[in-house]
Amino acid sequence: MATVSSPTRNVPKVVLRKLHRMRGKLTRWILVHGIGRWLMVVLAILALDMLLDRAFKMDFAQRVVMLFVMSFCVAAYFGWRVIKPLLSRPSDDALIYEVESKNPGLNESLISGVQLSRQKDLDQIGVSPELSQATIDMGLAKANAIDFGKSLDLSRYFQNWMLLLAGLALLGLIGVGVTQTEFLRTWYNRNILLLDDQWPQATYLEIAGAVDGKMVLPRGSDHRQLVTVDEKSTVTDVVVSLEIDNPGGRTIHQMKPTGKLAGREHVFMFHNVSSPFRFRAAGGDDVTEWVEVTLVEPPSIIELKMSALMPEYTGFTAIELNGAGPHAMLVGSRLRLDIKTNKSLTSAHVKLGEEVFPMANTGGDRQFGLTLPADGGQLRGGEYGFELVDTSGLNSLRRSKFKVTIKEDDVPKVRASLLGISGLVSARAILPTSYQAVDSYGLTQLSFDSNWKTGVDESTPGEREQVFAELGLGEDKIPIRQVKDYAELDLIPYNLTPGTSFRFSVAARDNHPGVANVGHSQEFLLRVVSDEELRADLLRREIEQRKAFDDQAYQVQMALMTEVQTIAVRTREAGTAQEDFDSQREAALINLVRKQKGVGTAMDRIANRFEEFLVEVTNNRLHEAENQLAPDQRIETRFDERIIQPIRRLDSELVSLASRHLDNSRRAVRAQNELDQAVNQVVNVQSQIIEEMKKILSAMADSESFQEVINDFLEVKKNQTDIKGGIKDRLKPKDDIFEKDDQGIFDQ
């Protein structure tokens, strides 16, 4: 039905009276229609609730939820079917339109008359007052001749009345059935009044130990639960299951028959009951009510503090221990235990095997403590456990356990590395050594431990310890546990001769009060050679690096410049797509970028090697004699200013610039003019690189030639010195010649 919201204004009284009677009939029609259907829905919901409860035997919580859902659905449907239509009041115009639609003979004369009767000042809108009044009179005359109430659907009105009466009758029958029949009374008591009535059944189950739906168990225990089938059951051979509801969700477990009571007893084991839960049994057609399980706390430790009381030399007072271990404790340590329990105790003990250590009360009857060993002996390793007894005599269900192992003080850990030294050293070398030493409790001394063997036939090898650092307490008055520094071992005091195999390591001693622990780094093996042999070896390695520079940098750079020029002038072959041709050139240029960067990497590696040579020369004191001979040709000048620094500048400036220009060429492969310009830039830079490389190679060659001259000159000088020394030895008087042989030289 239409619901126009225009207000009622100046409607003729005859029409208003008829509309009022029509509105009353419409209200009754809505009430009968809505309430009848609402009753049918209520009856359907009640029937569904009966079916569900009888089939599944809902528990109390489920019945409460079901009652709430039913009430909500009934109320919501009543509001939708009855209240909402009553509140949606149709306007007079809507009712008139409805009358017009049900009475075609009116030909809209009624609605026209009503609308004209509302209109004022007809002259202003150009309407004849006489014609308007005639239309109103005709509309009223036709309205008097018809019954507005017949516009309603009277046939459906009769059907609605029948539906309402049927619903009321069925609801009355249910009320009578609740008072007269066992089935409906049980349903009403269970689902409406929420009582504990049970449906008739063939099997009755009883939960052992449950009192008024409750059971008390000790927390953390294992519980053996029995469920029996009552003797009054007509069906006793049933499978019984246990439904458990805990915070983790619901689970169902099948119980096992015990073989007692003619198979009517069933058992299930609860392991480690640690939180409240509820359970119920189901078997045959019986489902018991939920049994709420509450827990009683057995005596247990709620707070445990374990501390290792360290020996005084470690610098530690106490170290906290957490968990069950095993806890590794240093020899000489003591163990402090403090516990706090959940309830009052009469006694608390610590057990190690069969040995029992009583704990002392440290505050109230819930705090206890113990220090082991109590007699000043040595702490023993093993598995320790607590035994607690509360005021009711209940023992702790499980002993809290932890393990202790006894460990010796570890040796210090030492790492060392040589700086600027190869496997060959001179007898006057300085060995720069970087080291790092760590000890758990404290370091006292650092030294070089060395040994050497001067020759194959030498029967007594040399050995020496050189202390280079004495360590005490740090600024915070605790032992120094970690040190990282640099030290030098001078070989001059050792008076080593060429051919000696020299071994040494960095040693660190800890602060153990007994015999100190000594830790060593890896051992370094060096061979002592003459200055001439070491210079020759350095010259050999210098020549190798020049050849490497020639092969890995200069020759590669020459080839690179040729390849770049080749790519620039390459033309597309017949049958090759332009896109494929450009992709090939781009891939080739990408490869050249990698090669150009590889040239820089190779040069950087060679520069590093020359820096190492320079450091090695200084560490072996070879530069002293060379600088005396040619002060203007110092090795620092030859290496650093003419080789190392030029390589560094070449790598950082020109080689990197060539790489960037090559990358620009790669981006310009699809525009030949731009590619030609970019290639010209690359070739220009690469030409400069080649010129600089030639200068570096020349400097390397000059350095090698000069070094060869220096080596030859120093060797000649050494030979002269040896000859002079030999002449002096021969000119010495031989007065003691006869004293060398007791028998004389003329005995034979």
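None of the figures in this text is laboratory data; all of them are computed from the coordinates on show. Remember, predicted model here, so these are calculated numbers, not experimental data. Cβ coordinates were reconstructed from backbone atoms using ideal geometry, including for glycine residues, and neighbour counts include every protein chain displayed.
Packing around the peptides 462-469, 678-685, taken as the average count of other Cβ atoms within 10 Å per residue, puts them in this order, highest first: 678-685, 462-469. Couplings 3J(HN,Hα) of region 466-478, computed from phi: 10, 6, 10, 7, 10, 10, x, 8, x, 4, 8, 6, 10 Hz, in residue order, whole Hz [Karplus 6.51 cos²θ - 1.76 cosθ + 1.60, θ = phi - 60°; x for Gly and Pro].
In this structure, the amide hydrogen of Gly325, modeled 1.01 Å from its nitrogen in the peptide plane, lies closer than 5 angstrom to those of Lys403, counting only residues at least 5 positions away or on a different chain. The length gained by stretching the chain between Arg336 and Arg634 to full extension, at 0.36 nm per residue less their Cα-Cα distance, is 100.4 nm. Give me the distance between the Cα centres of region 312-344 and region 657-678, rounded to whole Å. Rounded to whole Å, the Cα centres lie 72 Å apart. From least to most packed, judged by other beta carbons within 10 angstrom and beginning with the fewest, Ile421, Ile690 follow the order Ile690, Ile421. Distance between the 7 Å Cα→Cβ label points at Glu355 and Val518: 3.6 nm. The share of C-alpha pairs in region 320-370 whose separation exceeds 16 Å stands at 52 percent.
When peptides 172-182, 422-432 are sorted by average Cβ neighbour count within 10 Å, with the highest value leading, the order is 422-432, 172-182.
For Arg621, the amide hydrogen comes within under 5 Å of the amide hydrogens of Ile430, counting only partners 5 or more places away or on other chains and with H modelled in the peptide plane. Close amide H partners of Phe277, meaning residues 5 or more places away or on another chain with modelled amide H under 5 Å apart, are Val293. Put the Cα centre of region 520-535 next to the Cα centre of region 472-505 and the gap is 17 Å. The local environment of Leu446, defined by Cβ-Cβ distances under 12 Å, has a net charge of -4 under the rule Lys, Arg +1 and Asp, Glu -1.
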